[in-house]
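Accompanying notes for the structure given below.
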Amino acid sequence: MSKLNFVRRCHNCGAILQDERPEDVGYVLPETLANTSARVLFCNKCFDESRYNFAPRTPKVSPDFLTMLADAEASDALIVYVVDLFSFENSFIPEVNSLVEGLPLIVVANKRDLLPEEVPDEDLREYVAHRFRVAGLSLTRDDVYLASLTSSAEVSHISKAINEKRRRHDVYFIGAEGAGKTLLITSFLRNYKNSSNRVVQTGNYPGTSLAVMQIPLDSSSYAYDTPGTSLDNSLLSHLDPKSKRAVMPMVEVKQRTESLTEGESIMIGGLARIELLKGEKTHIREFFSKKVELHKAKSKGEAVFFKKLAAGDLLPACPSISAPADFDAYDIGVEESGDRDIGIAGLGWISFIGEGQTFRVYVPKGVSIYSTRSKIKSKK
Ligand SMILES: Nc1nc2c(ncn2[C@@H]2O[C@H](COP(=O)(O)OP(=O)(O)O)[C@@H](O)[C@H]2O)c(=O)[nH]1
Ligand SMILES: [Mg+2]
């Protein structure tokens, strides 16, 4: 009989694994390669990338957007940055953060209605301010306004703050697609009185192909509703309309809970899977739209996931995302203690207490995952 050897390849990039040439593709440490019981291996490069807080992340900011922000900077305009509290990582954009550094800034943290009501508003405002500060922008929680723009709640305090802070300069409403910029401006327009001799206009921002709405604020300044930065790394951009409707919560997301011991996993609809690869028994809090079914698999790793997915037992699923090759896998080694989140852009997140666990996360190819301090702290 011929001798048959299984060729071991990086689970992420597919490179043939080797332990001799650190500079070449597919390099792993000799002891890693010697461990023949590990079924899934990553080359060193992919493993390092998987340890970033955010992966993958492609730059999203167009040259037109840069042109617009350069104008904002030149005119010392006020930036109103709208973020989505449920899909925070989608709407908090590192490439944009560095561009608005130094400009007057107000943050509207929208979709408050989707997060549990019992979470103190102060905590959410502090979390958002903290994330902006970590990104290098000076922001206190007083500059963060929570909003639920689909409800008829008052926004006049936000409009007042904007008017005070802009000091008769222009205002640019920026943020990701779907964060709520247009809805915010529509709310303002309800009480808007045009005191200028110019009209509200929609058209391309000067020198760009960005479609903006331009609203005269006084004799010399405007507010701009700008197109959102795209959601390339969000699960939402991969889904058909039906699964998208299931994934995007319409009402308050109620926390569900589960506990995982080593080898167990949570299947998040047919769209993602999180396994406790290494670590002590871990209590998990789950934050996903209620239409996303959560199932626990006791063991046997990914095989159970793909078998159930094929049988149509995991909902929601998307027809175009069903084979192992449609998924990326990441290992996240949790080095921080305290309340931690591991999330999937556009889908939701899990929270747990960090104790050196390693989690393996499967997501549709190209969808970003993150590991951060918890947005919603556990009750002590
Ligand atoms: N649950 C909830 N949904 C919201 C809220 N604000 C906006 N949305 C939803 O998000 C969608 C996008 O809002 P839009 O203002 O067009 O976002 P833009 O792309 O930033 O201009 C809307 O169609 C709403 O369904 C909110 O406060 N709560
Ligand atoms: Mg809009």
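The values are calculated or read from the model by the stated rules, or taken from the named source; none is laboratory data. What you are looking at is a predicted structure, and each value in this text was computed from that prediction instead of being measured. FYI the Cβ positions are ideal-geometry reconstructions off the backbone, even for glycines, and counts take in every protein chain you see. With ligands, DNA and RNA removed, areas are computed over all heavy atoms of the protein, side chains included. Shrake-Rupley method; radii C 1.70, N 1.55, O 1.52, S 1.80 Å.
Taking the criterion of being assigned to a helix (DSSP H, G or I), of a type outside the set (D, E) and crowded, with 23+ Cβ neighbours inside 10 Å, the residues of region 73-98 that qualify are F88, N90, S91. Within region 102-137, the residues that satisfy the criterion of being in contact with a Phe, Trp or Tyr (Cβ under 8 Å, 6 or more places away or on another chain), on the phi < 0 side of the Ramachandran plot and part of a loop (DSSP other than H, G, I, E, B) are L115, A135. Please verify whether region 150-166 includes one or more residues that are within 16 Å of ligand 2 (Cβ to nearest atom), modelled with pLDDT of 90 or more and within 25 Å of the chain's Cα centre (by Cα). Looking for residues that are within 16 Å of ligand 2 (Cβ to nearest atom), modelled with pLDDT of 90 or more and within 25 Å of the chain's Cα centre (by Cα), one finds at least one in region 150-166, hence yes. Suppose we keep only residues that are farther than 23 Å from G343 by Cβ, within 11 Å of ligand 1 (Cβ to nearest atom) and of a type outside the set (S, T, Y) within region 213-253. Which one would you say is nearest to the chain's Cα centre (by Cα)? Per the criteria, the residue is P227. The single condition among (1) more than 16 Å from ligand 1 (Cβ to nearest atom); (2) assigned to a helix (DSSP H, G or I) that S159 does not satisfy is (1). Restricting attention to region 112-139, the residues being under 19 Å from N97 (Cβ atoms) and open to solvent by 70 Å² or more (accessible area, probe 1.4 Å) number 3.
Out of V200, V171, one residue alone is closer than 25 Å to V128 by Cβ and within 16 Å of ligand 2 (Cβ to nearest atom). It is V171. Does N233 count as away from ligand 2 (no atom under 13 Å from the Cβ) and crowded, with 18+ Cβ neighbours inside 10 Å? Criteria met by N233.
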